[in-house]
1. If I go through segment 141-171 residue by residue, how many of them are within 19 Å of ASP199 (Cβ to Cβ) and either touching a Phe, Trp or Tyr at 6+ places or on another chain (Cβ under 9 Å) or surrounded by fewer than 16 Cβ atoms within 10 Å (Cβ to Cβ) (or both)?
2. Kindly provide the set of residues from segment 72-93 that are touching a residue at least 40 places away in the same chain (Cβ under 8 Å) and over 24 Å from LEU114 (Cβ atoms), ordered by number.
3. For segment 140-168, enumerate the residues that are among the basic types (Lys, Arg) and outside any strand (DSSP E or B).
4. Among the residues in segment 45-55, are any in a helix (DSSP H, G or I), among the aliphatic types (A, V, I, L, M) and assigned by TED's automatic domain parsing to the domain that holds VAL113?
5. Looking at (1) free of Cβ contacts under 8 Å to residues at least 60 places away in the same chain; (2) among the hydrophobic types (A, V, I, L, M, F, W, C); (3) more than 19 Å from LYS204 (Cα to Cα), which is the only condition LEU51 fails?
6. With LEU95, LEU41, LEU114 as the choices, which residue is aliphatic (A, V, I, L, M), in a helix (DSSP H, G or I), closer than 30 Å to ALA146 by Cβ and at pLDDT below 90?
7. Name, by its number, the condition in (1) assigned to a helix (DSSP H, G or I); (2) farther than 21 Å from LEU180 by Cβ that does not hold for MET61.
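The values are calculated or read from the model by the stated rules, or taken from the named source; none is laboratory data. Predicted model, so just to flag it, every value in this text is computed and none were measured. Cβ placement follows ideal geometry from the backbone for every residue including glycine, while neighbour counts extend to all protein chains displayed.
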Amino acid sequence: MNRKPKILIVEDEAAIRTGLIDVLVYHGFDTDDADDGKVGLNKALTGKYDLILLDVMLPGMDGFEICNRIRDVDREQAIIMLTAKTSDEDIIQGLRLGADDYVAKPFSVAQLVLRIQAVLRRSKIGIEEAGTLQLGNLMVDTRNLAATRGDESISFTRREMDILQYLYINTDRPISREELLTKLWGYARNLDLETRTVDIHIAKLRRKIETDPANPNYLITVRGAGYRLLVE
């Protein structure tokens, strides 16, 4: 019998937390929960969960800090942030700290479940391990989610590395946002989804791999087509 994916719900509003538990159990997930940021962080750091559903506004410690602390010790933990804030700054902050995706309140339960299923599928998609990638004087170790440029050390999340590897494998052509969402996030092609997740992850990658992110030499935008990685 296959193990059910286990999701940690960190949400302080009792009605929302209870509703999420009921919905996720109905869809075949095991759940655990916390109504306080510090309690949620302690549970998250045990590494027992396939995905963490993390509210931004929490007592004790906010979701941004929790996400940051998780990423300090685990760059592969799946995290989706729930936020009542829909400004670009709040969304960007969560994704910069390493969240895989975000869902703004009020949200459609059906879309939330689709996004959870998609993020969980990412570990099953898998792409060819390229081992070491070279971009100019940047040496990227894909297996250890790290890179070096001279004496500088750079770390990546699993999602960032998946994007970089996928673009590297397909360097002969531009890759659309839809293709990245389909191949790496696991979203269905026919899912009508408005999200800036891909763009924000690309911006994060540029800050890591480019010496001048505003004028990229490697990770370029192909207008109307998507993104392309230029490899010498």
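1. Within segment 141-171, residues that are within 19 Å of ASP199 (Cβ to Cβ) and either touching a Phe, Trp or Tyr at 6+ places or on another chain (Cβ under 9 Å) or surrounded by fewer than 16 Cβ atoms within 10 Å (Cβ to Cβ) (or both) number 5.
2. Matches in segment 72-93: ARG75 only.
3. ARG143, ARG158, ARG159
4. no
5. (1)
6. From the options LEU95, LEU41, LEU114, the qualifying one is LEU95.
7. Among (1) assigned to a helix (DSSP H, G or I); (2) farther than 21 Å from LEU180 by Cβ, MET61 violates only (1).
Here is a yes/no grid of residues against (1) surrounded by fewer than 20 Cβ atoms within 10 Å (Cβ to Cβ); (2) farther than 22 Å from ALA118 by Cα; (3) at pLDDT below 95; (4) outside the structural domain of VAL119 (by TED's automatic domain parsing):
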| position | (1), (2), (3), (4) |
| --- | --- |
| ARG173 | yes, yes, yes, yes |
| LEU180 | no, no, yes, yes |
| TRP185 | no, no, yes, yes |
| ASP192 | yes, no, yes, yes |
